[in-house]
Amino acid sequence: NEAAIAAMAIGMAAKGLRPVAEIQFADYIFPAIDQIVSEMSRIRYRSAGQFTQPIVVRSPWGGGIRGGQTHSMSPEAFFTHVPGIKVVIPSNPYDAKGLLLASIESDDPIIFFEPKRIYNGPFDGQADGALQSWANHPKGEVPEGHYTVELGKAEIVREGSAVTVVTYGTLVHVALAAADKAGIDAEVIDLKTLTPYDIETISDSVKKTGRCIVANEAPRTSSFAAELAAQIQEDCFWSLEAPIHRIAGWDTPYPHAHEWSYFPGQQRFINAMKSVTETV
């Protein structure tokens, strides 16, 4: 089914439509990966611009919902590696609508991952904590009219001078809660767009703080956090006062029974913040 969904979207886009396809869970996107990688990502390049692929592929993404190994994956790194595709992951309702409309208006194919753990409200990473609502969040209100949020532009959601934390999706809220709990003057950056990502905003922040943490839910090896760490190292080497710290899931399938050992919660962020800020 997923291969057919992607193939139909490719044909519709080549004929001038702007399809928005949906894959029920990000874990199920792999049957469509040949269509996405071999066709959708390359048609504009291969046809020298005669054809475009204004497609948005929406998919619920990420863990923290007790979904186990087949409903909790974070496969964004597969797609950030593919030229011709943009990858977008919002962290709040206001951005979700604005980024989605901007994605629909783009002439390039976009994988639009929606963090399922925060559909109903922000999540601070405390598994046994009370559920929170978007009602009191500054970006919980979604205007009815048309607006867009710029693709490829990150946002500093918490200003600070001690350490830069770069992340996206659900972990934006975990990072904010951890910084407040630890009392560390952390600057938190919400990427929003993974490809192309806003290295200028990141570099400016790291050169100011001298310390950096990159975080994602996906397994550690070859994760998108690894790409961020490499690029930040290239751009900010002479400004770094400590090694870049990487927070990620483990190199295992997402475990149902041990979800909260796998999910990067507050304590892992607090430990990382203390580790890099105490390094002289």
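The values are calculated or read from the model by the stated rules, or taken from the named source; none is laboratory data. Predicted model only: the values in this text are computed from it and were never measured. So basically every Cβ, Gly included, is an ideal-geometry build from the backbone, and we count neighbours across all protein chains shown. Heads up: the accessible areas ignore ligands, DNA and RNA and are worked out on the full protein's heavy atoms, side chains in. Shrake-Rupley method; radii C 1.70, N 1.55, O 1.52, S 1.80 Å.
Some points to look at:
- Förster radius 35 Å - calculated FRET efficiency between Glu159 and Arg66 (Cβ-Cβ, nearest 0.05): 0.55
- For Lys116, the lysines whose Cα comes closer than 26 Å to its Cα, not counting residues fewer than 8 places off in the same chain, are Lys86, Lys97, Lys139, Lys153, Lys181, Lys192.
- Sulfur and carbon atoms: percent of accessible area, the chain [1.4 Å]: 52
- Acute angle (nearest 10 degrees) that the helix 93-105 long axis makes with the longest principal axis of the chain, alpha-carbon atoms: 30
- Glu22-Gln231 pseudo-label distance in nm [points 7 Å out on the Cα-to-Cβ vector]: 3.1
- The label-point distance for Ala48 and Ser239, in a model that sets each label 7 Å from Cα toward Cβ, rounds to 4.2 nm.
- Computed from label points 7 Å out along Cα-Cβ, the spacing between Met8 and Asp128 is 4.7 nm.
- For region 195-279, accessible area per residue (1.4 Å probe, heavy atoms of protein chains only), Å²: 47
- FRET E, pair Ala257, His146, Förster distance 35 Å, beta-carbon r, rounded to 0.05: 0.20
- Note on Asn120 and Phe30: the extension gain reaches 29.7 nm, defined as 0.36 nm multiplied by sequence separation minus the Cα-Cα distance.
- Projecting the Cα positions of Ile199, Ala178, Gln53 onto the charge dipole of the chain (unit charges on Cβ atoms of Lys, Arg, Asp and Glu, taken about the Cα centre) puts Gln53 furthest along the positive direction.
- Square roots of five times the Cα gyration tensor eigenvalues for region 181-225, Å: 19, 16, 10
- Summary value for the chain: 17 percent relative contact order, contacts being C-alpha pairs under 8 angstrom separated by 6+ residues.
- Taking 0.692 mPa s as the viscosity and 37 °C as the temperature, the Stokes-Einstein diffusion coefficient of the chain based on its alpha-carbon Kirkwood radius rounds to 171 µm²/s.
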